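The structure under discussion appears below in the form of structure tokens.
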Amino acid sequence: MPRTIPLPTPPDAPAARRPRAGRLAAAATAAALAAAGASAAAADAASPARTSLASPVPGWITAPGQGTLVDTGAAPGDWGLSLRVYLAGKDPVGLAEAAERVADPADPAYAHYLTPAQVAQRYGTTPAQTAKVGDWLSGFGMHVTGTNAHYLAVTATVDQVQRAFATTVHGYARQAGQPAALAFPVGGISVPAALGHDISTVLGLDDTNPTIPETPASPAIADTPAPAAAAQPCSQWWGQSSSAIPPVDGRTTAVDQVCGYTPQQLRDAYGVTNSQYTGKGRTVAVVLDGALPTMEADADRFFAAHGLPGFAPGQYSENFGPRFAATCGHYADAPEEPLDVESLHIAAPDAKVVYVGADCDTGAGGSTAFLDAHTRIVDQHLADVVTDSFATREDQDSPATVVAWDQMFQQGTVEGIGFDYASGDEGDGSDGSGPGAVIFPASDQWATAVGGTTLEIGENGNVAGELGWGADAVQINPQGTGYLAPPPGQFFMGSGGGRSNLIGQPWYQRNVVPRALATGGGTAPAHRELPDVSADGDRNSGWLIGFTTPGGSYHEELGAGTSGSSPLIAALEADAGQAAGHALGFANPLLYQLRGTPAIRDIVPAAAGQVPPVVSYLPSWQTPGSFDSYLSQLDHDSTLTTAPGYDDVTGVGSASPDFVRFFARH
């Protein structure tokens, strides 16, 4: 499932997979910047001409019913914050326009990409901008601890931040009666008008770990690996076998979930087996934090076990930043990493794969470690398409965060790099405990949000059927004589989708996404809707992956989730890029134009009574090493539903076996 970074959200928000401590550290000490002195700060305060920047206020602060953190009032002025002040560059409007044009198949500039050096020359920041902004920050007593082509890293006190950015920062306690330990702004920010064209956004004002004088930091919490569970009955292909179930709705048997499709079965289903287009000449990047030291060897072992070639020499590589070893240590994000890497090689066997490791700390604003990893990709053009399952609930983010990611995405787009993200595994995101929220950065208008389906692969590798992924489930009692709750139970997991609250409707969704979805069913402005496209993601129709558990042994297990859907789509885009003769780059405008063609399978609701229940098995929480049995009712994705055309479960639809062949013919 998509990986979430821990933020100080209310208890009703989804829990993060791995809590961690850590703060932004400068990658290098910047060249000395001349301080403008206290007179600059005084002049700013006296000047009424200011330019507003994107708000750094997280969505949960203002959302009704969201948040149980206790506002304790003004934060102490001596609390320390780590900021990133992002620079706008020479022509931010021109960069956005260029990105839109190179991604539009109807535009003469389509696929006329620039190199990173050309992007820097036309749109990048200038030394004068860096010095000007640095002087202004220093004038308030802030310390510029590092600079690069994109931002200035700054340490400052709450008091300095409030005076410089004309905002108010409050302290927050986790419970009533506790001292404040978190800091968030409660108002927008602005800068002097003379700097309004130089600064694009500021990250870190919604800092989750302010430096509190004489208060020690909390220790990090390590992962505890779960023991392996014993095997259960399953099918080698969809519908091969069934199991007896306690009677429900006149049924006494249900289809067994698959044991895990093999690489060959997935290649057959997606049209890769008989295609000459296998990603040759294209490179796909996987972005996660941590790294398996055995990843390439594990992948080679896995594919050899299934009678297929692994990676050729030089086909797989890894790219880590200077702080990776210090922040990640021996941490590995398994099984996410082998799921992504091996899924790419399944669907694009000749594409190069580069694993880009993000630092294992959250930094200013919560997601900057992943933003840094993506920035390395675009600055060095490490890949043609990127897949990632990093995510935060959108109500944990702010418009300021969106601006920083947009700058990176737009640079990548004009270079011909596309970005695919898992859309989430929790349906509408409500989790039954409050308003739902889509996830970011999948919700960004410059990202491709990949949803999930239930892919029914038959005995001969053909696609026997495909549903939007979503299931209600109820546990079967240990005796196998009944259910622990009335069937069909409750929503369990499904393709993430819904309406963004942060981002307006992008141009490629106009006149495609039904107005009721884009406006939330009312008169609100049309906003970005997720997902964009889909691929297999249901655990009931999942596929095998193999890897060595850190400190353990090599094994194969079932992989699934939209974290698997995203690399499948990224790999097919690499195949299509080979067929087209150029990288697809930001694919959304093209994907929306492909709806209704053989390249995209429109996923619609199944006819009543046509979807038999499935017996699913999940590792038991109560009895380690064993499985619990569930009865799953498919084609039920929380409040989301499939429909002809665009829908909020599968987007424009799923990639068909003709997806790559379409590009060869056109």
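A few points about this structure:
- Using a Förster distance of 22 Å, the FRET efficiency for Leu484-Ala606 (Cβ separation, nearest 0.05): 0.25
- Cross-link partners of Lys90 among aspartates and glutamates (Cα-Cα below 20 Å; sequence separation of 8 or more within a chain): Glu100, Asp135, Asp198, Asp379, Asp406, Glu415
- For the chain, with all protein chains in place and a probe radius of 1.4 Å, 54% of the accessible heavy-atom surface sits on carbon or sulfur.
- For the chain, the relative contact order comes to 17 percent (Cα pairs under 8 Å, sequence separation of at least 6).
- Of all DSSP beta bridges in the chain, antiparallel share, percent nearest 5: 65
- The slack in the chain from Thr51 to Ala149, taken as 0.36 nm per residue of separation less the alpha-carbon distance, amounts to 33.0 nm.
- Inter-site label distance for Ala128 and Thr115 at 7 Å from Cα along Cβ, in nm: 2.6
- For the stretch 409-417, Karplus couplings with θ = phi - 60° (6.51, -1.76, 1.60), whole Hz, Gly/Pro x: 4, 5, 4, x, 4, 5, 8, x, 9
- Surface per residue (accessible, 1.4 Å probe) for the chain, Å²: 38
- FRET efficiency estimate (nearest 0.05) - Cβ-Cβ, Ala312 to His197, R0 45 angstrom: 0.40
- Counting DSSP beta bridges with both ends in the stretch 279-368, the antiparallel % (nearest 5): 0
- Spin-label pair Ala304/Asn274, simplified geometry with 7 Å Cα→Cβ offset, distance in nm: 3.1
- Using 0.36 nm per residue and subtracting the Cα-Cα separation, the extra length available between Ala326 and Ala106 on full extension is 74.5 nm.
- Projecting label points 7 angstrom from Cα along Cα→Cβ for Gln240 and Val70 puts them 5.8 nm apart.
- Mean Cα-pair separation over length for the stretch 533-632, i.e. relative contact order, pairs under 8 Å, 6 or more apart, %: 18
The values are calculated or read from the model by the stated rules, or taken from the named source; none is laboratory data. Computed from a predicted structure; not experimentally measured. Heads up, the Cβs are rebuilt from the backbone with ideal geometry, glycines too, and the neighbour counts pull from every protein chain shown. Just so you know, the surface numbers come from the protein's heavy atoms only, side chains and all, with ligands and any DNA or RNA stripped out. Shrake-Rupley method; radii C 1.70, N 1.55, O 1.52, S 1.80 Å.
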